[in-house]
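Each value in this text was obtained by applying a stated rule to the coordinates, not by laboratory testing. The shown structure was predicted, so the numbers you read here are calculated from the model rather than taken from an experiment. Every residue, glycine as well, gets a Cβ built from its backbone with ideal geometry; the counts of neighbours run over all protein chains shown.
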Amino acid sequence: MTNANGQPQDLPAPPLMIHGQYVKDFSFENPNPLAVFGGEPNDKQPQIAIDIQVNAEPVGEKTFEVVLNITANAKRDDQQFFLTEISYAGLVSIGDVPDEHVGPLLMIHCPALLFPFARHLIADATRNGGFPPLMLDPVDFARLYEDQQKRTVN
């Protein structure tokens, strides 16, 4: 881009730049497949507990590793169906933004960008484990951030 005089114009750094994303840790456990698939038919659906956490750690000046941790635990009564855990991360840089915007960028916008990829991996793992693919609902990361802020204040 050039200015009115035809000189190159310095563009401001974007507020958020994702340099890369990656799986840090991923597991899928199917501890008792013979009991789940070979047992008596049961129409009762398993209960699936989902836990989602977000962490951000500085790794350089204005550069952070944002980690989205998701756990999905499926049980019916005392019978474990599956347990899957993923830590999906992104290496991000924050541009020239006011300090009060850094937290929301790291804890709301980054995980919202990472979530679809982690969701896809979980769906594939549960399907490959012999279950219907677990399609996680969209997550309100703004509410998670607000809840985390309230816990740290109290």
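Brief remarks on what is shown
- Fraction in percent of alpha-carbon pairs per bin - 5 Å, the chain: 2, 8, 16, 16, 14, 12, 10, 8, 6, 4, 2, 1, 1, 1, 0, 0
- Extension gain, Q149 to K24, is 42.5 nm, computed as 0.36 nm per intervening residue step minus the present C-alpha separation.
- Once the Cα atoms are used to define both axes, helix 141-153 deviates from the longest principal axis of the chain by about 90 degrees.
- Per-residue Cβ neighbour rank within 10 angstrom, fewest leading, E61, E85: E61, E85
- Toward the positive end of the charge dipole of segment 62-154, with +1 on the Cβ of Lys and Arg and -1 on the Cβ of Asp and Glu, the farthest Cα among Q79, H109, A125 is that of Q79.
- Between 0 and 90°, nearest 10: helix 110-128 axis offset from the chain longest Cα axis: 30 degrees
- Candidate cross-link partners of K75 among the aspartates and glutamates, defined by an alpha-carbon separation under 20 Å and a same-chain spacing of 8 or more, comprise E29, E40, D43, D51, E85, D124, D137.
- Between the beta carbons of T71 and D43, assuming R0 = 22 Å, the FRET efficiency works out to 0.25 to the nearest 0.05.
- Segment E57-E100, length gained on full extension (0.36 nm per residue, minus Cα span): 13.8 nm
- Cβ crowding within 10 Å, taken as a proxy for footprinting-reagent exposure, orders H19, H109, H101 from fewest neighbours to most as H19, H101, H109.
- Here is how the number arises for the chain: DSSP H runs of 4 or more residues each give -39500 (n - 2.57), the sum is divided by the residue count, and the result at 222 nm is -8500 deg cm²/dmol.
- Set of lysines near K24 by C-alpha distance (under 22 Å), chain-local residues within fewer than 8 positions excluded: K62
- Put in line by how crowded their Cβ is, counting other Cβ atoms within 10 Å and starting with the fewest, L121, L68, L34, L114 read L34, L121, L114, L68.
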